[in-house]
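Peer 1: Attaching a single structure in structure tokens format; questions to follow.
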Amino acid sequence: MYPHIHKYKFDSKSSNKHKHKIWGYTDLMIGIESFHIHTFFGICSYSGHTHYYSGFTGLPVKTENGHIHKIEGKLEANMQHEHIFRSYTDEEVEYITRGLLKRAHV
């Protein structure tokens, strides 16, 4: 499996009467083949305050065209509250065989 990244975009759970939009791309791929994870990190803001987040994805979950990763954690506490987030990355198509990719028209 070649090094790759995943896009993610979702909302945090509500806390202090609001949610945060969390979006970005995973970073480093650690491991090989079906035993790999990614790092992720970022900043999200809402109504004059920000939260930082970072962590590691779960192992890959095979999908029809590739795989996804579970992504979860907590936004760091700020303004006397924190948010929990839990979702999945977008699909990566690393499982498509090379022959099919070579015949693909873009």
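The values are calculated or read from the model by the stated rules, or taken from the named source; none is laboratory data. Please read all numbers here as calculations on a predicted model, not as lab measurements. When we count neighbours, we look across all protein chains shown, and the Cβ atoms used for this are built from the backbone with ideal geometry, even at glycine.
Let's see how each residue does on (1) modelled with pLDDT of 90 or more; (2) closer than 24 Å to E91 by Cβ; (3) surrounded by 15 or more Cβ atoms within 10 Å (Cβ to Cβ):
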residue	(1), (2), (3)
K7	yes, yes, no
F40	yes, yes, yes
K62	yes, yes, no
I68	yes, yes, yes
E76	no, no, no
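Peer 1: Residue by residue through the stretch 15-55, note down the ones that are more than 22 Å from N78 (Cβ to Cβ), in a strand (DSSP E or B), within 15 Å of the chain's Cα centre (by Cα) and of a type in the set (A, V, I, L, M, F, W, C). Break it down into steps so the answer makes sense when it comes.
Peer 2: At the first step, the residues of the stretch 15-55 found to be more than 22 Å from N78 (Cβ to Cβ) are 25-38.
Checking the rest, the ones that are also in a strand (DSSP E or B) come to 25, 29-32, 35-38.
Remaining after also requiring within 15 Å of the chain's Cα centre (by Cα): 25, 29-30, 36-38.
Answer for the stretch 15-55, where residues must be more than 22 Å from N78 (Cβ to Cβ), in a strand (DSSP E or B), within 15 Å of the chain's Cα centre (by Cα) and of a type in the set (A, V, I, L, M, F, W, C): M29, I30, I37.
Peer 1: Under 6 Å by Cβ, and 6 or more places apart or on different chains, what pairs join a residue from the stretch 79-106 that is modelled with pLDDT under 90 with one that is not in a loop (DSSP other than H, G, I, E, B)?
Peer 2: These pairs meet every condition: M79/H49; H81/S15; E82/K74; E82/L75; E92/H67.
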